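Peer 1: Below you will find the structure I want to go over with you.
The values are calculated or read from the model by the stated rules, or taken from the named source; none is laboratory data. Fair warning: this is a prediction, and the values are worked out from it, not measured in the lab. Heads up, the Cβs are rebuilt from the backbone with ideal geometry, glycines too, and the neighbour counts pull from every protein chain shown. Please note that ligands, DNA and RNA were not included when accessible areas were found on the heavy atoms of the full protein model with its side chains. Shrake-Rupley method; radii C 1.70, N 1.55, O 1.52, S 1.80 Å.
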Amino acid sequence: MAQSIWLLTLGFVYLFVMCSTPRQVPPAIVLSPYVEESVLAAQSAAAAEAKAKAAAEAPVQEAVIVKMNPVDLEKGKQIYISTCIRCHNKDPNIKGSIGPELTDAPLEVMQHKVASGRYPDVLPEGFVPKRKTKLMTKFTQHIPDVPSIHAYIQSMKR
Ligand code: HEC
């Protein structure tokens, strides 16, 4: 009788040690990378949110700050010849080295191209971009004179 109680006790101690020891170890290993990952995820989510917010605010600022200069055909021609024909043709009715013809582009599209290098997200009705590439760079210094550049190009239209 005393022997079997002794054996039972030993058996329980053995079971207790075998069952409890491994259970305590894995949480310590698994938990820390898990916590770090979730912190990282929260940080990158916050960063992405801040970036999206900045992007959403940027165009509004541009629209508020930029004041247009009055239309001046001579000035429009001068900017076109000195800046745009690096890629567009001297004759805006035909395509240039890499830039397409410009006589079909509405003022709104030209403003967006010069301010950002990109087409507007919402295109004017009936306007189809000549190229799907994203090769044009922005020319922010010329934003106030886009009406003059546009008027010059329209004056050259055949
Ligand atoms: C670095 C070369 C380059 C320069 C310089 C450049 N463009 Fe462009 N432009 C392009 C390219 C290439 C496209 C076609 C779309 C694209 O890839 O961005 C384009 C497209 C355009 C379009 C849209 C035309 C259409 O109907 O789809 C307009 C408007 C435009 N450019 C205006 C200008 C004006 C105004 C200037 C001068 C201030 C200028 N570009 C200078 C390369 C240039």
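Peer 1: Return one quarter of the surface area of the convex hull spanned by the alpha-carbon atoms of the stretch 73-155, equal to its mean projected area, in nm².
Peer 2: Projected area, direction-averaged: 4.9 nm².
Peer 1: Pairs of Cα atoms under 8 Å, at least six residues apart: use those to get the relative contact order of the stretch 57-158, whole percent.
Peer 2: Relative contact order of the stretch 57-158: 37 percent.
Peer 1: Any idea of residue 12's accessible area? Nearest 10 Å², probe 1.4 Å.
Peer 2: Ignoring ligands and nucleic acids, residue 12 comes out at about 130 Å².
Peer 1: Heavy atoms only, 1.4 Å probe, whole protein assembly: order 138, 157 by accessible area, highest first.
Peer 2: 138, 157
Peer 1: Students sometimes get this wrong: rank 132, 75, 67 by accessible area, probe 1.4 Å, all chains present, largest first.
Peer 2: Per-residue accessible area, sorted high to low, gives 132, 67, 75.
Peer 1: Can I ask one more? Tell me, what is the 1.4 Å probe accessible area of residue 98, in Å² to the nearest 10?
Peer 2: Rounded to the nearest 10, that gives 80 Å².
Peer 1: A further question follows. Taking a probe of 1.4 angstrom, what is the accessible area of residue 91 in Å², to the nearest 10?
Peer 2: Result for residue 91: roughly 40 Å² accessible.
Peer 1: Once amide H atoms are built 1.01 Å from N in the peptide plane, which residues 5 or more positions from residue 99, or in another chain, come under 5 Å H to H?
Peer 2: Excluding prolines and chain starts, which carry no amide H, the hits are 88.
Peer 1: Pull up the cross-link candidates among the lysines for residue 67, meaning alpha carbon to alpha carbon under 27 Å and not fewer than 8 places away within one chain.
Peer 2: 51, 53, 75, 77, 113, 134, 138, 157
Peer 1: Right, another one. Using a 1.4 angstrom probe with every protein chain in place, what is the largest-first accessible-area order of 57, 49?
Peer 2: 49, 57
Peer 1: If Lys and Arg each add +1 and Asp and Glu each add -1, what is the summed charge of the other residues whose beta carbon sits under 11 Å from the beta carbon of residue 78?
Peer 2: Within the 11 Å Cβ shell, the charges total -1.
Peer 1: May I ask for the Kirkwood hydrodynamic radius of the stretch 87-126, worked out over all distinct Cα pairs and given in angstroms to one decimal?
Peer 2: So the Kirkwood estimate lands at 10.7 Å.
Peer 1: Something else: Tell me the GluC sites (Glu not before Pro) within the stretch 66-158 that lie in a loop according to DSSP and have at most 13 other beta-carbon atoms within 10 Å.
Peer 2: Sparse-neighbourhood loop GluC sites (Glu not before Pro): 125.
Peer 1: Just grab the label-to-label distance for residue 10 and residue 97, each label 7 Å out from Cα along the Cβ direction, in nm (one decimal).
Peer 2: Result for the modelled spin labels: 9.2 nm.
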